[in-house]
1. Stokes-Einstein D for segment 66-156 at 20 °C, 1.002 mPa s, Kirkwood Rh over Cα pairs, in µm²/s?
2. For Gly12, what is the net charge nearby, where nearby means another residue's Cβ is under 14 Å from its Cβ and Lys, Arg count +1, Asp, Glu -1?
3. Using a Förster distance of 22 Å, how high is the FRET efficiency between Ala47 and Glu86, based on the Cβ-Cβ distance and rounded to 0.05?
4. Give the peptides 94-102, 155-163 in descending order of average Cβ contacts within 10 Å, highest first.
5. Measuring with a 1.4 Å probe in the full set of protein chains, what accessible area per residue, in whole Å², belongs to segment 1-129?
6. In terms of Cα to Cα distance under 17 Å, which lysines are near enough to Lys100, apart from those fewer than 8 places away along the same chain?
7. Give the aspartates and glutamates whose C-alpha is closer than 13 Å to that of Lys5, dropping any in the same chain fewer than 8 places away, or say none.
8. Which value, in debye to the nearest 20, describes the size of the charge dipole of segment 38-177 about its Cα centre when Lys and Arg Cβ atoms bear +1, Asp and Glu Cβ atoms bear -1, and nothing else is charged?
Amino acid sequence: MITHKIVTSQVGVLTLVAMDGLLSMVRLGPPAAPAVAGAGTPYGIAAEDGFEDVERQLTEYFEGRRCCFSVGTNPQGTEFQRRVWEQVSGIAYGRTASYKQLAVLLGDAAKARSVGAALAHNPLNLVVPTHRVVGSRGALTGYSGGVDAKRYLLELEQAPQTEHLRRNCLRADSVPA
């Protein structure tokens, strides 16, 4: 069963989608309207229950009390996309990596554009922190939630009140800064 819930956040409206009880999408923005009236929505039925854990964790993240998410997920994507998303999940809170760095970690520096394409299809915005991926020279390029949202999220993770998270949320598998 597919369910969804619309919540508000500091970066705007978020659409949370669960498939069989596992989070499968965090979309920045409201759900897209169906192409044909009466055709239903790919986001399933609206539900008030079942999203409490992810809502709590999102609130903690935006309050500067959480650096990563620990909800059960089921993102849909190709094998390559999943590999990219896994690498992005290793970028530590408050740090960034470039598309090229990720491509190198995946075994082919020439695949930086393919990495970007995979990130554009990341269904779990915020949970899989694609906002931490920047251009080779640090430019805030491409983000499905918009560059303003990306800037906000990066600034949140660099704010003085989140210093404790930057110190304590380093992962052994994180991408080098």
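1. Working: Rh = 13.1 Å.
In µm²/s, the coefficient rounds to 164.
2. The answer is +2.
3. Values: r = 28 Å, r/R0 = 1.28.
Once rounded, the FRET efficiency stands at 0.20.
4. The densest-packed peptide leads the list: 94-102, 155-163.
5. Value for segment 1-129: 50 Å² per residue.
6. Excluding near neighbours in sequence, the set is Lys111.
7. Answer for Lys5, where 13 Å is the Cα cut-off: Glu48, Asp49, Glu52, Asp53, Glu55, listed by chain and number.
8. 760 debye
The values are calculated or read from the model by the stated rules, or taken from the named source; none is laboratory data. Because the structure is a prediction, the values reported are computed rather than measured. No Cβ is skipped: glycine too gets one built from the backbone with ideal geometry, and neighbour counts run over all protein chains shown. Heavy atoms of the whole protein, side chains included, go into the accessibility calculation; ligands, DNA and RNA do not. Shrake-Rupley method; radii C 1.70, N 1.55, O 1.52, S 1.80 Å.
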